[in-house]
Amino acid sequence: MGLFATASESGAPTARNLYNLRAMLRRLPPLQHADLPEKAMSFWRMAGPGAILVGLSIGAGEIIIWPRITAQYGSAMVWAAVAGVFLQMWINFEIGRWTIATGETVYTGFSRVWRWFGPLFILFNVLGWLAPGWGRASGLALKALLFEPRWHQTQVDGKWVADDFLGMDTFWTILTFAAVALVLFGPKVFYKSVERTVEVLVLLITLGLIVVAVAVGTADHWADLGSGLINVGHISEGMDVKALFIAIVFAGAGGTANLFYTFYLRDKHIGMGARIPEMQNPLRKRVEKAPATGYTFDDTPENKKRFRAWWRYIMADQATFFFGLNCITMLLFIFGALAVLHPAGVVPEKGTLIWDEATILAKQWGETGRTIFLLVGVATLFSTQLTIVDGVSRSIADIVYTNFKSAQMRDVSWWYLLVAGSWMVVGCGITLVMEKLGVSELGFLFNAAYMGGFAMAVYVPLTLWINLRHLPKLARPGPVCVTMMVIATVVYVGFAVACIVWEVGRLFDA
C-alpha cells in the first residue's frame with residue numbers, strides 16, 4: 001500500500017475520494033520507559049547544534065532585513081532585533097527540553113496532542129520555505145563576487161534583462177543548489193557534514209565582519225548603535241505592523257526554523273537523543289530502520305541528576321551560540337549598514353543590499369573592502385540556504401515517517417533524500433518562473449518571514465503545552481521558563497492577530 005493509498009478506518013476503500021487522510025494517519029504509541037543516558041562529554045565536544053542555528057539565523061534577517069531597516073531608519077530600532085533573538089532563545093530552550101527528555105522531535109510531540117498537527121506543520125514548512133529566496137540571493141551574491149550583478153545583462157526600457165542563461169538569476173541559483181547537494185548527499189552522515197560546513201562559514205563571516213567594522217566604523221557609529229540598543233519600545237514612523245512582525249520573526253532563526261534545533265540535538269546524541277540512531281545517507285551505506293517515537297524516564301535521583309546536566313548544556317548552548325554569537329554577528333551587520341548605507345542615504349531595493357554596501361565599501365576602502373564583504377555575503381546566504389534545505393527536508397521526512405502508516409515501509413533517511421532532492425529541483429523551477437514574472441528574491445524572503453510568524457503563533461504555546469503535559473514532573477519547565485514562553489506567545493499571537501486585522505483593513509480601504 002502506498003503512502004497515499006485509499007483506505008478507511010476499517011481498511012475498506014473510501015467512496016469517491018482519492019484518499020482518506022484520517023485513515024492514513026496513525027495513532028502514536030506511548031513513550032517507552034528508559035533511563036536518561038549520562039552526559040559524559042564536555043560542553044565544547046558537544047558543541048554544534050546551537051552553531052548550526054546561528055548559521056541559519058545570519059541569513060535574511062541579519063544580512064538583508066535588519067540592515068535594510070537600519071539603512072532606512074538608522075539605529076533607532078536595534079533594540080527590537082536583540083529582543084527578537086532573546087525571545088527565540090527561550091523558545092529554543094523548550095524545544096531542546098522536549099528532545100533531551102524524550103529523544104523525539106517536537107513535531108512528534110505536537111502530534112501527541114492532535115494527530116492533525118503533522119499535516120499542518122508540513123503545510124507551514126511548504127508555505128514558509130518553498131519559494132527559494134535564499135538560494136536566489138546566495139546565487140546573486142556569488143555572481144557579484146565573481147563578476148558583477150549585471151554580468152550578461154542589458155538594460156531595456158529601464159529594466160535589466162538577461163542576455164542569455166548565464167545572466168539569469170536561475171543559473172546562479174542552480175549553482176548554489178548544486179553545492180548544497182554536494183554537502184548533503186556526499187558524506188555518510190548528514191548531520192556531520194552540515195555541522196562542519198556551517199561552523200567554517202560562521203567563523204569566516206564573523207572574522208570578515210569584524211575586519212569591516214574596524215576598517216570603516218567610528219566611535220560615533222558605535223555610540224549611535226548603543227543608543228539604538230537602549231531605545232526600547234521605539235518604533236520608527238512609517239514602520240507598519242506587517243514589516244515589524246517580519247523583522248522580529250527574522251531576528252534569529254524565525255518561522256519553523258527554530259524547530260530544526262530538535263534534529264541537531266538528536267543527531268548529536270544529546271540527552272535521550274542518544275537512544276535514537278543518527279540519520280545516515282542511504283546513498284553511501286545501508287541504513288537500519290530508526291524508531292519513530294521516543295522514551296520517557298522515571299523520577300529517580302539519578303535521572304534527575306542526569307536531566308539537570310543535559311538541561312545545563314541546552315542553556316549554555318543557546319546562550320553562547322544562538323543568543324551570544326547571533327547578536328554579535330547581527331549587530332555587526334547592522335553596524336555595517338549604519339556606517340556605510342545610512343550616511344549615504346542608500347536604501348537598497350530588490351535584494352541589492354549586499355552589492356550596494358560592497359560598492360560603497362570599495363569607495364571608502366578600495367577593492368579589498370568590496371571583496372571581503374561579498375565573501376561574507378556569499379558565506380552568510382549559503383549557510384542559510386544549506387540549513388534551510390536540510391532542516392525543511394528533515395521536518396517533512398520526520399512528520400511523514402512518524403505519522404503516516406505506510407511511510408514506514410521506507411526509512412526516514414529515504415524520505416529525507418526524496419524531499420531534499422525534490423525541494424531543490426522545484427526551487428530552481430520556481431526561481432525561473434518568478435524571475436520571468438519580475439518578482440525579486442526580497443519578496444521571497446519577506447513572504448517567508450510573514451508565514452513563519454503565523455507558524456510561531458501556533459507552535460510557541462504548543463511547545464509549552466507538550467512540555468507541561470507530557471514530560472515527567474522533574475523535567476517540566478519552571479516558573480521563569482513558563483513566564484517567558486507566555487510572553488513569547490503573547491508577542492507572536494498578538495502580532496499575528498494584528499496583521500490579520502491590518503490586512504483586512506487594507507482590503508476595505510482598497
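Output yes when any residue across the stretch 106-113 is among the aromatic types (F, W, Y), surrounded by 24 or more Cβ atoms within 10 Å (Cβ to Cβ) and in contact with a helix residue (DSSP H, G or I) (Cβ under 7 Å, 6 or more places away or on another chain), and no when none is.
Scanning the stretch 106-113, I find at least one residue that is among the aromatic types (F, W, Y), surrounded by 24 or more Cβ atoms within 10 Å (Cβ to Cβ) and in contact with a helix residue (DSSP H, G or I) (Cβ under 7 Å, 6 or more places away or on another chain), so the answer is yes.
For the stretch 481-498, which positions are of a type in the set (G, A, S) and over 21 Å from the mean Cα position of the chain (by Cα)?
Listed by number, the residues that qualify are G494, A498.
Would you be able to say whether some residue in the stretch 403-418 is modelled with pLDDT of 90 or more, in a helix (DSSP H, G or I) and closer than 24 Å to G254 by Cβ?
yes
Tell me whether the stretch 112-122 contains one or more residues that are farther than 26 Å from A475 by Cβ, part of a helix (DSSP H, G or I) and without any contact (Cβ under 8 Å) to a residue 40 or more places away in the chain.
no
Residues V458, V433, V426: which one is aliphatic (A, V, I, L, M), touching a Phe, Trp or Tyr at 6+ places or on another chain (Cβ under 8 Å), outside any loop (DSSP other than H, G, I, E, B) and at pLDDT 85 or above?
Answer to the selection: V458.
Output the residue which, of all residues in the stretch 307-366 that are in contact (Cβ under 8 Å) with a residue 24 or more places away in the chain and not in a helix (DSSP H, G or I), is surrounded by the most Cβ atoms within 10 Å (Cβ to Cβ).
Among them, the one singled out is G351.
Out of (1) touching a Pro at 6+ places or on another chain (Cβ under 9 Å); (2) buried (at least 18 other Cβ atoms within 10 Å of the Cβ); (3) among the aliphatic types (A, V, I, L, M), what's the single condition that is false for V426?
(2)
Please count how many residues of the stretch 471-492 are in contact (Cβ under 8 Å) with a residue 40 or more places away in the chain, part of a helix (DSSP H, G or I) and more than 18 Å from L259 (Cβ to Cβ).
Total satisfying the criteria: 4.
The conditions are (1) at pLDDT 85 or above; (2) part of a loop (DSSP other than H, G, I, E, B), and T108 fails exactly one of them. Which is it?
The number of the failed condition is (2).
Please go through the stretch 367-404 and give me each residue that is of a type in the set (S, T, Y) and either within 24 Å of A420 (Cα to Cα) or in contact (Cβ under 8 Å) with a residue 40 or more places away in the chain (or both), ordered by number.
T371, T380, S383, T384, T387, S393, S395, Y401, T402
Looking at G294, is it in contact with a helix residue (DSSP H, G or I) (Cβ under 6 Å, 6 or more places away or on another chain) and either on the phi > 0 side of the Ramachandran plot or in contact (Cβ under 8 Å) with a residue 60 or more places away in the chain (or both)?
yes
Need the failing condition index for W114 against (1) at pLDDT below 90; (2) more than 20 Å from the chain's Cα centre (by Cα), just the number.
Answer for W114: the failing condition is (1).
Can you name the residue in the stretch 132-149 that is under 16 Å from E357 (Cα atoms) and not hydrophobic (A, V, I, L, M, F, W, C) and, of all such residues, is surrounded by the most Cβ atoms within 10 Å (Cβ to Cβ)?
Checked the stretch 132-149; the qualifying residue surrounded by the most Cβ atoms within 10 Å (Cβ to Cβ) is S138.
Looking at the stretch 65-83, which of the residues that are surrounded by fewer than 24 Cβ atoms within 10 Å (Cβ to Cβ) and under 19 Å from the mean Cα position of the chain (by Cα) is nearest to L325 (Cα to Cα)?
Among those that are surrounded by fewer than 24 Cβ atoms within 10 Å (Cβ to Cβ) and under 19 Å from the mean Cα position of the chain (by Cα), it is V82.
Restricting to the stretch 201-211, and then to whatever is in contact (Cβ under 8 Å) with a residue 24 or more places away in the chain and within 26 Å of the chain's Cα centre (by Cα), can you tell me which residue is surrounded by the fewest Cβ atoms within 10 Å (Cβ to Cβ)?
Taking the candidates together, the pick is I210.
Test L468 against the criterion of being in contact with a helix residue (DSSP H, G or I) (Cβ under 7 Å, 6 or more places away or on another chain), part of a helix (DSSP H, G or I), closer than 30 Å to Q32 by Cβ and not polar (S, T, N, Q), and give yes or no.
No; evaluated as a whole, the condition is false for this residue.
The values are calculated or read from the model by the stated rules, or taken from the named source; none is laboratory data. Note that this is a predicted model, so its numbers are computed, not measured. Glycine also receives a Cβ, built like all others from the backbone with ideal geometry; neighbour counts cover every protein chain displayed.
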